[in-house]
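J.: One structure is given below, represented as structure tokens, and several questions about it will come after.
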Amino acid sequence: MKYLSPMEGTFSNILAAWYKKFQRYKVGYKDGSYQLNNLFQSPETMIESFDQMPFTKHDPIRKSLASASIFLKSNMYYCNPETELWVMISNLHFQKNLLMRNLYDEKLPLEYHFINLHVKTTTLVNKSMVNGLVTKGNTWSLFKAGCSQTEYHFKNSEEKNITVFFTSRWLEQQKGVNALFQDSKLADFFESPNTFLILDETDPVYESIWHEMMELAQKGVDQNKEVIQQLTYRILFDFIEKLNTEIISENHFKLNDNDRKNIQRAEQFLNDHLFGDFPGIEKIARKVGVSPTKLKNDFKGMHGTSVYQFFSKKQMMAARGLLLQRKYAIKEVAGLFGYENASKFSAVFKKVFDTNPSDI
């Protein structure tokens, strides 16, 4: 049963030709990982691509896609609540190392940008790679149309996703009716030459939102379309507010994609070395593959703060989490983060949170 409504002859013919051309590339194996290709032009072509994959069942009435193969088990629902706005709710369990390559056809329209909220489990492998950048834990990713190239998923990783697709036309319409879309960092991103953006997320509320959306979809996408639409807007509003709160440097989007990727690699290195002393600019620069001067300048440009200040704040955030567990004394926590003197630790903590660690 064909899902796409007549976008008529030309569109269908191009799709048919594309599938025939790439038939032998749909599943491959190279360098220790399986490879799947997906026509990522739009939500419609994505659905068609998944429908063409082996061991995949598509139910266009329930608007669901399910896959059970040696390399992937997945369950996905899709909803088109309004013109040029789509949302997909998915649960993916990767049985093997899997590289998902997003392909594009120049003969088809390329209009859909997307925001993806990754909610990763912590009981299994909790990392993946997006456009060559390792992501761990819960993350947001934003891609301009045609700019999402690859996602690499490790064996035994599990991922829940809420993916919102929209066109530039839809975005412009929102600016006319909703002040949040106006003069926002989201608008700045689309006016910049940057093609993608990745942000960490620590709020556990999004796993609950994912479960709510998945339950609504399982009960019936069409009958729950209005509630799914409301939750989709909440995801969009939360993401815009996060951008506006966390991206404080006016120069954030002036760095090119490669420089911003290097800064994010430096952030990951720092996040992996929060316990103990500051690693040092030279060591971080060598790890990232740039000069210490460029690292310091680009980091300041992207975040409006120094590398050390960023590291120190991240340490205090992690320390606060430990203190809230009520398992460790302040002196113990201070020692974990390289502070021999609890008083000095307390002074830095208060500077970040405007409260003493003893008051937590």
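J.: With a 1.4 Å probe and every protein chain left in place, tell me how much accessible area Thr139 has, in Å² to the nearest 10.
T.: Taking all protein chains as shown, Thr139 has close to 0 Å².
J.: The list (i) 25.1; (ii) 20.9; (iii) 22.3 gives values of Kirkwood radius over Cα pairs in Å, and only one came from this structure; which label was calculated from it?
T.: Label of the calculated value: (iii).
J.: Further question: Give the aspartates and glutamates whose C-alpha is closer than 20 Å to that of Lys296, dropping any in the same chain fewer than 8 places away, or say none.
T.: Glu246, Glu250, Asp257, Asp259, Glu267, Asp272, Asp277, Glu282
J.: Calculated FRET efficiency, Leu103 and Phe237, Cβ-Cβ r, R0 51 Å, to nearest 0.05?
T.: On the way: r = 32 Å, r/R0 = 0.62.
Efficiency, rounded to the nearest 0.05: 0.95.
J.: Okay, next question. For Ser306 and Thr245, compute 0.36 nm times the residue count separating them, minus their Cα-Cα distance, and round to one decimal in nm.
T.: Details: separation 61, 0.36 × 61 = 21.96 nm, distance 1.79 nm.
Going from the current span to full extension adds 20.2 nm.
J.: Could you work out the helix-only [θ] at 222 nm for the chain, with each DSSP H run of four or more residues adding -39,500 (n - 2.57) and the total divided by the number of residues, to the nearest 500 deg cm²/dmol? All intermediate terms of the calculation are to be shown ahead of the outcome.
T.: Working: 12 runs with 149 residues, N = 360.
That comes out to -13000 deg cm²/dmol.
J.: What full-extension length gain, to one decimal in nm, is calculated for Lys96 and Ala329 as 0.36 nm per residue of separation minus the Cα-Cα distance?
T.: That pair, Lys96 and Ala329, stretches by 79.6 nm at full extension.
J.: A follow-up question, please. Of all the accessible heavy-atom surface of the chain, with the other protein chains kept in place and a 1.4 Å probe, what percent is carbon and sulfur?
T.: 49
J.: Further question: Accessible area per residue for the chain in Å², computed with a 1.4 Å probe and the full protein assembly in place, what is it? Write out the running numbers ahead of the final one.
T.: Values: 17780 Å² over 360 residues.
The answer is 49 Å² per residue.
J.: Follow-up question, since we're still on this one. Under 16 Å Cα to Cα from Lys30, which aspartates and glutamates show up? Leave out anything in the same chain fewer than 8 places away.
T.: Result set, ordered by chain and number: Glu151.
J.: What distance in nm separates the simple spin-label points at Arg286 and Gln223, each placed 7 Å from Cα in the Cβ direction?
T.: For Arg286 paired with Gln223, the spin-label model returns 6.3 nm.
J.: Further question on the same structure: For the pair Thr150/Ser358, report the inter-label distance in nm, with labels modelled 7 Å from Cα in the Cβ direction.
T.: Once both label points are built, they end up 5.4 nm from each other.
J.: How high is the relative contact order of the chain, given as a whole-number percent (alpha carbon pairs under 8 Å, six or more residues apart)?
T.: 12
The values are calculated or read from the model by the stated rules, or taken from the named source; none is laboratory data. Note that the structure is predicted; figures quoted are calculated from it, not measured. Positions of Cβ are backbone-derived with ideal geometry, glycine not excepted, and every protein chain shown enters the neighbour counts. For the accessible areas, the whole protein counts, side chains as well, though only heavy atoms, and no ligand, DNA or RNA atoms are used. Shrake-Rupley method; radii C 1.70, N 1.55, O 1.52, S 1.80 Å.
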